[in-house]
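Worksheet: the structure to be examined is printed underneath.
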Amino acid sequence: MTRSPAPLPSPERRRHLREAASLTQAQLARRIGVTRGTVRAWESGRTTPRGPRREAYADLLTSLTGTVKAVKPATPAKADKTVKADKVTNTQETAPPTPVTVSPHEEPALPAATATPADLTPAQAFDALYAFCAPALVRQTYLLCGRRELARESVERAFQLAWQRWPEVAVDPDPAGWVRATAYEYALSPWHRFRPRYRHPEPPPADASDRALLDALLTLPAPYRRTLLLYDGVGLDLPETAAETEASTPAAAGRLLHARTAIAARLPGLAQPAELHRRLAEVASAQRLRAAGPPAVRAGGEQRARFWTRAAIAVTVAIIGATALTVRTAPTRYEPPVPAGETVQGVPRRAAPGTLSGKELKLRAKLRSGIQHGPQRLVPLAG
């Protein structure tokens with residue numbers, strides 16, 4: 001039987017249990033064996049621990065609950081400040097770049113602000129999802145395609161499509177995964193090679209090691225590159241990676257092993273998955289990839305939808321007009337074509353009205369004298 005995961009308190013209560021026990025995030029991270037950033041992500045609700053780390057974290061929180069007799073929950077105002085602080089950290093451009101990846105043992109989760117409660121409008125819920133996912137998604141897409149402009153365009157197109165289908169995306173169990181899959185599909189489209197602006201390469205990363213890793217990634221086939229990024233970069237499990245790449249789990253495992261082998265052959269120092277995970281985050285974070293604001297993305301999506309709607313209406317009207325013109329001018333009955341004339345041997349051409357020639361008079365006399373009266377029978381005459 002599959003063991004159910006250990007229950008965890010809410011992210012807010014996790015933080016208060018740690019603070020009530022007079023523990024810092026670094027001290028708690030050392031007890032579990034993770035980084036301080038991982039504990040901060042757990043306490044803010046951005047990620048959820050999985051596997052052995054979840055068990056260790058749940059046991060530690062249980063022990064802290066027994067040690068602390070009473071822990072007061074945070075007031076709503078303080079919780080709101082925490083959420084606002086997280087939003088500012090995610091959207092601030094002057095802060096250090098947000099890593100593109102999470103730990104392979106963590107599961108990405110949306111913050112409480114993106115749960116679209118009843119008091120949030122669709123635009124506010126969309127803006128919260130965009131502010132949470134867009135910065136990291138642009139960096140992930142850059143690793144996937146190796147082009148900064150294409151990475152930004154892919155993420156914007158994915159969110160524009162998500163805004164057009166917001167009733168469907170809002171109830172999706174993983175809206176961030178929905179947008180990520182759409183952005184990856186757009187970035188890997190083979191039609192970009194025919195666009196004039198993408199025929200010329202972009203400036204590579206300044207660091208030589210970053211260039212080597214990016215070149216090694218881009219030499220992999222697109223399905224292998226995407227599988228490697230999802231598993232060793234984003235941190236998805238193998239079944240989730242297989243589902244997002246539309247492959248079976250054995251096929252996804254084979255692609256992952258092949259991609260790791262190819263990367264290790266070119267860069268022996270990245271043979272370990274943990275080191276590869278760290279280097280992927282560093283390469284993506286070193287690039288200044290600015291995403292457009294949520295209102296601009298929504299406005300662009302609505303403008304694009306209006307353009308294609310008007311284009312579809314214009315084409316429909318043109319088809320209806322052409323059909324009506326064809327019906328109006330088409331014949332109502334079938335008129336067989338007149339066959340071309342054929343030349344008959346031995347019969348003189350019909351002459352124009354006028355005096356007959358001597359030859360024609362002789363022929364007429366001969367034809368008239370040859371008429372036989374009597375029974376309907378042909379009689380041969382001697383020449």
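Derivation of every value follows stated rules applied to the coordinates shown; laboratory data play no part. None of the values given here were measured: they were computed from a predicted structure. Note that we place each Cβ from the backbone using ideal geometry, even for glycine, and neighbour counts take in every protein chain shown.
Quick one: which residues, 5 or more positions from T48 or on another chain, have an amide H under 5 Å from its amide H? H modelled 1.01 Å from N in the peptide plane, none for Pro or chain starts.
E107, A109
Rounded if a/c is under 1.5, else prolate if a/b beats b/c, else oblate: with a ≥ b ≥ c from the C-alpha gyration tensor eigenvalues square-rooted, which is region 154-303?
oblate
Could you sort the peptides 207-217, 334-344 by per-residue average Cβ neighbour count (10 Å cutoff), highest mean leading?
207-217, 334-344
For a quick protection proxy, order the peptides 154-163, 319-328, 174-183 by their average other-Cβ count within 10 Å, most packed first.
Listed from highest to lowest mean packing, they are 154-163, 174-183, 319-328.
By how many nm would the segment from R36 to Q345 grow when fully extended, if each residue of separation counts as 0.36 nm and the alpha-carbon distance is taken off?
Answer, rounded to one decimal: 100.4 nm.
On a full-extension model of 0.36 nm per residue, what is the gain between F307 and E149, subtracting their alpha-carbon distance, rounded to one decimal in nm?
Gain on extension, F307 to E149, equals 54.6 nm.
Quick check: net charge around T141, other residues with Cβ under 10 Å of its Cβ, Lys/Arg +1 and Asp/Glu -1?
+4
Pull out a ≥ b ≥ c, the square roots of the eigenvalues of the alpha-carbon gyration tensor of region 268-345, then state rounded if a/c is under 1.5, prolate if not and a/b is larger than b/c, and oblate in the remaining case.
Because a/c hits 1.5 or more and a/b fails to exceed b/c, region 268-345 counts as oblate.
How far apart, in nm, are the 7 Å Cα→Cβ label points at D174 and R211?
Calculated label separation equals 3.6 nm.
Hey, any idea what the orientation-averaged projected area of the convex hull of region 107-239's Cα atoms comes to, in nm²?
9.1 nm²
Choose one of Y334, T316, T355: the residue whose Cα lies farthest towards the positive end of the charge dipole of region 294-370 (beta-carbon charges +1 Lys, Arg; -1 Asp, Glu; about the Cα centre).
The Cα lying farthest towards the positive end belongs to T355.
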